[in-house]
Amino acid sequence: MKVLVVGSGGREHAICWKLKQSPKVTELYCAPGNGGIASIAQCVDVKATDVDGMVQWAKEHAMDFVMVAPDDPLALGMVDALEAAGIPAFGPRKNAAVIEASKIFSKNLMEKYHIPTAKYQTFTDMEEALTYVRAEGAPIVVKADGLALGKGVVVAQTVAEAEDAVRSMMADKKFGESGAKVVIEECMTGPEVTVLAFADGDHLSPMPSSQDHKRAYDGNEGPNTGGMGAISPSPNYTPVVAQRCMEEIFLPTMAALKAEGRPFSGVLYFGLMLTPQGPKVVEYNARFGDPECQAVLSLLESDLMDILMACRGGTLDKVDIHWKDAAACCLVLASGGYPQSYQKGYPISGLDEAGKTAVVFHAGTKLDENGQVLTNGGRVLGVTATGQTLEHAIDRVYASAKHISFTDMHFRTDIGRA
């Protein structure tokens, strides 16, 4: 099969890495890809958000299957457009991808179908939002309604911080139209866990749990990022918790989307808080998380291509999916200054040495004319390793990362331990 993966980050590198292992995949392409993906797939110069361009390229080059990985093209309806052109595609259609593209939609869905989540209110008027914040007090959570690169959430510890968040989203348009509407919700407490699940519209198969580390600095300090590292599985996600989540959250969400005429096929991401009252939904995503994807796919023993086709074909219940009885850790090496301003174009050294003991997924890299790998983003690399225990996996990742260097390289030293 000729397979195209849409996207350019560490998540897409991990997906390509796993698809490359499938005997069914004879030709692998990635659009637009990056400096690391170029070593295992042919990179295509089409932007991930260029729906018409992607469909045209896939038709002209007779792709047998397209895996749409990022949130933006899913929200834009790329899967709908590919399928309309007769090209089999993996991922939710636009009307189901809205579960991530609009936080207001997802919160209202949970309220309607009694899926546990934080108490909330939605606002289109800034003054009303500010009045609500002052009445509720802090800590309190302010969320942009639309997509914001994983950075549209502020957990405000003071009323002033919450007010600043509201103004930056609604008045200053920090996230463009994504912040024109906001959700303000109670601040839940407890360990956070991510559970990704394959879905085919009717059936759902959870992957091993994972835990992202969103804050930029050690000790969960600093601004929110797209994710500075992840572990899988989460020690907090016990079999008892897993059963509750399946009964109270996962299956009800699938049923709710189907009842709304929006059956979900693809990867459904459950961001969970294990509160004293039980597990509750923090957020949904309509695709693999990044960097959770890198950790979780490192544990997959089954053929990913088989699973993707089963999700699209509605036969997920017929596929046996096997996972390693092990643990995984992904450590993000970022550009200095991320998630604010940072420089690009620095040479990266030590990749071959690090790759002897870990898998180094490229997130923000490019190749220069001489084949040298350069930094080309905020999150640059995701050093990923497995181990018999979580401690073993963490130790292997940090030992491998010591070989890598580039100017102003920044990373957390407590992934899996914070």
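Remarks
- Amide N proximity, the range 223-237 versus GLU391 label position 7 Å along Cα-to-Cβ, cut-off under 16 Å: 235
- Cross-link partners of LYS18 among aspartates and glutamates (Cα-Cα below 16 Å; sequence separation of 8 or more within a chain): GLU27, ASP290, GLU292, GLU301, ASP303, ASP306
- The stretch between GLN56 and ASN108, if pulled fully straight at 0.36 nm per residue, gains 15.1 nm over its current Cα-Cα span.
- Over all other residues within a Cβ to Cβ distance under 13 Å of HIS322, the charged ones net out to -4, with Lys and Arg as +1 and Asp and Glu as -1.
- Around ARG412: net Lys/Arg minus Asp/Glu count, Cβ-Cβ under 14 Å: 0
- Mean projected area in nm² (Cα convex hull; one quarter of hull surface) for the range 185-241: 5.7
- Label assignment, P(r) over Cα pairs in 20 Å bins from 0, in percent derived from the structure, set [x] 27, 61, 11; [y] 27, 47, 21, 6, 0; [z] 24, 54, 20, 1, 0: [x]
- Within straight-line reach of LYS173, meaning a Cα separation under 18 Å, sit the following lysines at least 8 residues removed in sequence or on another chain: LYS103, LYS143, LYS151, LYS181.
- Calculated accessible area for the chain comes out at 40 Å² per residue, all protein chains present (probe 1.4 Å; ligands, DNA, RNA ignored).
- Given their separation in residues at 0.36 nm each and the Cα-Cα distance between them, SER341 and LYS47 gain 103.6 nm when the chain is fully extended.
- Accessible area, probe 1.4 Å, largest first, for residues TYR342, TYR269: TYR342, TYR269
- Length added when fully stretched, ASP125-GLU247, from 0.36 nm per residue minus Cα-Cα: 40.3 nm
- Computed over the range 205-337, the convex hull of the alpha-carbon atoms projects to a mean area of 9.7 nm².
- Here the alpha carbons of the range 284-411 define both size measures, Rg and Dmax, at 16.7, 49 Å.
- Burial order of peptide ranges 301-307, 229-235 (average beta-carbon count within 10 Å, highest first): 229-235, 301-307
- Considering only beta bridges that DSSP places wholly inside the chain, some 80 percent are antiparallel.
- Computed over the chain, the per-residue total of -39500 (n - 2.57) for DSSP H runs of n ≥ 4 gives a 222 nm mean residue ellipticity of -8000 deg cm²/dmol, rounded to 500.
- The Cβ shell under 13 Å around GLU83 holds other residues with a net charge of +3, Lys and Arg each +1, Asp and Glu each -1.
- Set of lysines near LYS24 by C-alpha distance (under 22 Å), chain-local residues within fewer than 8 positions excluded: LYS2, LYS59, LYS318, LYS324
- Area of PHE175 that stays accessible when all protein chains are in place (1.4 Å probe, Å², to 10): 40
The values are calculated or read from the model by the stated rules, or taken from the named source; none is laboratory data. Owing to the predicted nature of the structure, the values given are computational and were not obtained by experimental measurement. Counting neighbours? That spans all protein chains shown, and the Cβs are built from the backbone with ideal geometry, glycine included. Please note that ligands, DNA and RNA were not included when accessible areas were found on the heavy atoms of the full protein model with its side chains. Shrake-Rupley method; radii C 1.70, N 1.55, O 1.52, S 1.80 Å.
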